[in-house]
Amino acid sequence: MDGLAYASAVHFVWWCMQYSATVETSFEAGHLIEGHRTCGRVHGHHYRVQATALGHMQRDGTPVDMFELRQATQALADECDGRYLNEMLPGVIPSPHGIARWFMERLLDQWPRVAEVTVWERPCCSGTVKREV
């Protein structure tokens, strides 16, 4: 393979790869999960949220604009901060999985390449929602 063919093949492989970009933010909120043995009373958490979007490498060396993805994720976290999630998220069970799904659905309005959202309610406990992109 000559140098030009090799360079074209490498560029093709580089372009076809799927890359991910992950941002993280946090918020404080209260909730309860009715009937749950440990979460069945009102209490609060320091939640951490990670959102991951997929894309192909752009000319600026990133697959997606992480600054804009971070801003969108932070705006949702700001909506939740200091709130009682049972009232704020009607129809959503405010478990880590339910909150992750809420974040995913809201982010998809702006970011169709969002593939995964993880929410931690404690350092040892998280829930993740994934979708094929």
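The values are calculated or read from the model by the stated rules, or taken from the named source; none is laboratory data. All of these numbers come straight from a predicted model, not from anything done at the bench. As a convention, Cβ positions derive from the backbone with ideal geometry for all residues, glycine included, and neighbour counts pool all protein chains shown.
Just to be sure, is His43 of a type outside the set (Gly, Ala, Ser), loosely packed, with under 14 Cβ neighbours inside 10 Å and either under 13 Å from the mean Cα position of the chain (by Cα) or more than 22 Å from Met17 (Cα to Cα) (or both)?
Numbers: of a type outside the set (Gly, Ala, Ser): yes; loosely packed, with under 14 Cβ neighbours inside 10 Å: yes; either under 13 Å from the mean Cα position of the chain (by Cα) or more than 22 Å from Met17 (Cα to Cα) (or both): yes.
Considered against the rule, which asks whether it is of a type outside the set (Gly, Ala, Ser), loosely packed, with under 14 Cβ neighbours inside 10 Å and either under 13 Å from the mean Cα position of the chain (by Cα) or more than 22 Å from Met17 (Cα to Cα) (or both), His43 comes out as yes.
Quick one: which of Pro90, Pro94 is over 16 Å from Thr25 (Cβ atoms) and either acidic (Asp, Glu) or without any contact (Cβ under 8 Å) to a residue 12 or more places away in the chain (or both)?
On the way: Pro94 fails: either acidic (Asp, Glu) or without any contact (Cβ under 8 Å) to a residue 12 or more places away in the chain (or both).
Just one listed residue meets the conditions, Pro90.
Name the residues in region 14-34 that are surrounded by 11 or more Cβ atoms within 10 Å (Cβ to Cβ) and among the aliphatic types (A, V, I, L, M), would you?
Ala21, Val23, Ala29, Leu32, Ile33
One line per residue, one yes/no per condition, for (1) surrounded by fewer than 14 Cβ atoms within 10 Å (Cβ to Cβ); (2) modelled with pLDDT of 85 or more; (3) out of contact with any Leu (no Cβ under 6 Å at 6 or more places or on another chain); (4) assigned to a loop (DSSP other than H, G, I, E, B):
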residue: His36; (1), (2), (3), (4): yes, no, yes, yes
residue: Thr52; (1), (2), (3), (4): no, yes, yes, no
residue: Asp60; (1), (2), (3), (4): yes, no, yes, yes
residue: Pro63; (1), (2), (3), (4): no, no, yes, yes
residue: Ala75; (1), (2), (3), (4): yes, yes, yes, no
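Among the residues of region 104-130 satisfying the criterion of being without any contact (Cβ under 8 Å) to a residue 12 or more places away in the chain and either touching a strand residue (DSSP E or B) at 6+ places or on another chain (Cβ under 8 Å) or surrounded by 12 or more Cβ atoms within 10 Å (Cβ to Cβ) (or both), which is farthest from Phe67 (Cα to Cα)?
Glu105
In region 50-105, which residues are among the polar types (S, T, N, Q) and closer than 16 Å to Cys39 by Cβ?
If the condition is that a residue be among the polar types (S, T, N, Q) and closer than 16 Å to Cys39 by Cβ, then Asn86, Ser95 are the ones that fit.
Among the numbered criteria (1) in a helix (DSSP H, G or I); (2) out of contact with any Ser or Thr (no Cβ under 6 Å at 6 or more places or on another chain); (3) touching a residue at least 40 places away in the same chain (Cβ under 8 Å), which one does Val133 miss?
In the conditions (1) in a helix (DSSP H, G or I); (2) out of contact with any Ser or Thr (no Cβ under 6 Å at 6 or more places or on another chain); (3) touching a residue at least 40 places away in the same chain (Cβ under 8 Å), Val133 misses (1) alone.
Kindly establish whether Ala9 is modelled with pLDDT under 85, surrounded by 10 or more Cβ atoms within 10 Å (Cβ to Cβ) and more than 19 Å from Thr118 (Cβ to Cβ).
Values: modelled with pLDDT under 85: yes; surrounded by 10 or more Cβ atoms within 10 Å (Cβ to Cβ): yes; more than 19 Å from Thr118 (Cβ to Cβ): yes.
The answer is yes for Ala9.
Within region 80-130, can you find the residues that are within 16 Å of Leu54 (Cα to Cα) and assigned to a loop (DSSP other than H, G, I, E, B)?
Those that are within 16 Å of Leu54 (Cα to Cα) and assigned to a loop (DSSP other than H, G, I, E, B): Asp109, Gln110, Trp111, Pro112, Arg113.
Among the residues that make up region 52-64, is at least one of them in contact with a Gly (Cβ under 9 Å, 6 or more places away or on another chain), free of Cβ contacts under 8 Å to residues at least 60 places away in the same chain and not β-branched (Val, Ile, Thr)? Break it down into steps so the answer makes sense when it comes.
Pass one, region 52-64, residues in contact with a Gly (Cβ under 9 Å, 6 or more places away or on another chain): 62-64.
Of the ones still in play, those that are also free of Cβ contacts under 8 Å to residues at least 60 places away in the same chain are 62-64.
This time we only want the ones that are not β-branched (Val, Ile, Thr), so: 63.
Among the residues of region 52-64, at least one is in contact with a Gly (Cβ under 9 Å, 6 or more places away or on another chain), free of Cβ contacts under 8 Å to residues at least 60 places away in the same chain and not β-branched (Val, Ile, Thr), which makes the answer yes.
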